[in-house]
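The values are calculated or read from the model by the stated rules, or taken from the named source; none is laboratory data. Keep in mind it's a predicted model, so treat the numbers as computed, not measured. Don't worry about glycine lacking a Cβ; one is built from the backbone with ideal geometry, like all the others, and counts go over all protein chains shown.
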Amino acid sequence: MAKKDEFPGWHGTTIIGVRKGGSVVIAGDGQVSLGQTVIKGTARKVRRLSPGGSDVICGFAGSTADAFTLLERLEKKLEATPGQLARASVELAKDWRTDKYLQKLEAMLIVSDGKELLVITGAGDVLEPEHDVTAIGSGGNYALAAGRAMMDTDKTAEEVARAAMAIAADICVYTNGNLTVETVG
């Protein structure tokens, strides 16, 4: 069996979150790669959660199984703290940081309820972007730069997200143009 650092690793996610004009959009590409091989081009890495009747959208980068574990935990936290996305996110981040099982999970999340836009990491971070744009994954920095450059234009949140993802897909070999887009707010 190969050592973890010798394994080519899973790559191939770009997720962007944009808050503009009273709505929040999270968009994600569909590519999953193993090393230099595209395994799947139509993965769905953006989801809508509806715990207790609230509406939360989320996108994930990293291991799919790990991300689903985190999304299930987030949904339980949201059920315990209805309408309090930040509190549920902090509780998830605390568990993720301190629980021996969860510490091994390799994923990141972007979540929004239409008011808040947050990034949750395994390092215990719950981050709110300063410029109403955030991005994660292999092409995240490309999408983030493109999105920030378009925030002062007349484009809607969805138009910014779609255009930024198109730019990231043109630059990052681990990102494609098959998008899943969810809007809240």
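Here's a check for you: in the range 118-130, which residue that is farther than 19 Å from A65 by Cα and aliphatic (A, V, I, L, M) is surrounded by the fewest Cβ atoms within 10 Å (Cβ to Cβ)?
Residue satisfying both the conditions and the ranking: L127.
Which one of these is aliphatic (A, V, I, L, M), under 15 Å from A27 (Cβ atoms) and in a helix (DSSP H, G or I): A149, A169?
Just one listed residue meets the conditions, A169.
List every residue pair whose Cβ atoms lie under 6 Å apart, where the two residues are 6 or more positions apart in sequence or sit on different chains, the first residue falls within the range 58-77 and is within 17 Å of T121 (Cβ to Cβ) and at pLDDT 90 or above, and the second residue, located anywhere, is of a type in the set (D, E, K, R) and surrounded by 21 or more Cβ atoms within 10 Å (Cβ to Cβ).
Listed by first residue and then by second, the contacts come to G59/K45; F60/K45.
Any residue in the range 85-93 that is within 27 Å of A146 (Cα to Cα), of a type in the set (V, I, T), outside any loop (DSSP other than H, G, I, E, B) and at pLDDT 95 or above?
Checking the range 85-93: not a single residue is within 27 Å of A146 (Cα to Cα), of a type in the set (V, I, T), outside any loop (DSSP other than H, G, I, E, B) and at pLDDT 95 or above.
Scan the range 129-146 residue by residue and report those that are under 18 Å from S33 (Cβ atoms), in a helix (DSSP H, G or I) and small (G, A, S).
G140, A143
For every residue, the table says whether it meets (1) buried (at least 21 other Cβ atoms within 10 Å of the Cβ); (2) under 16 Å from I15 (Cβ atoms); (3) in contact with a helix residue (DSSP H, G or I) (Cβ under 7 Å, 6 or more places away or on another chain).
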position: C58; (1), (2), (3): yes, yes, yes
position: A67; (1), (2), (3): yes, yes, no
position: A86; (1), (2), (3): no, no, no
position: L92; (1), (2), (3): yes, no, yes
position: D99; (1), (2), (3): no, no, no
position: A107; (1), (2), (3): yes, yes, yes
position: D113; (1), (2), (3): yes, no, yes
position: E116; (1), (2), (3): no, no, yes
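Filter the range 38-57 down to the residues that are of a type in the set (S, T, Y) and at pLDDT 90 or above and list them by number.
T42
Just checking, which of K115, K100, K76 is assigned to a helix (DSSP H, G or I) and of a type outside the set (A, V, I, L, M, F, W, C)?
Sole residue among the options that is assigned to a helix (DSSP H, G or I) and of a type outside the set (A, V, I, L, M, F, W, C): K76.
How many of the residues in the range 132-149 are of a type in the set (D, E, K, R) and either out of contact with any Gly (no Cβ under 9 Å at 6 or more places or on another chain) or without any contact (Cβ under 8 Å) to a residue 24 or more places away in the chain (or both)? I'd like the intermediate steps shown before the answer.
So the first thing to find is which residues in the range 132-149 are of a type in the set (D, E, K, R), and the list is 132, 148.
Add one more test, that the residue is either out of contact with any Gly (no Cβ under 9 Å at 6 or more places or on another chain) or without any contact (Cβ under 8 Å) to a residue 24 or more places away in the chain (or both), and what stays is 148.
Number of matching residues: 1.
Considering each of D95, D113 in turn, give the residue that is under 23 Å from V181 (Cα atoms) and acidic (D, E). Working first, answer last.
Working: D95 fails: under 23 Å from V181 (Cα atoms).
Result: D113 is the single residue among D95, D113 that is under 23 Å from V181 (Cα atoms) and acidic (D, E).
Step by step: first the residues of the range 131-185, then only those that are within 17 Å of the chain's Cα centre (by Cα) and over 22 Å from A43 (Cβ atoms), then the one that is surrounded by the fewest Cβ atoms within 10 Å (Cβ to Cβ). Which residue is that?
Step by step, filter the range 131-185, then rank; the result is H131.
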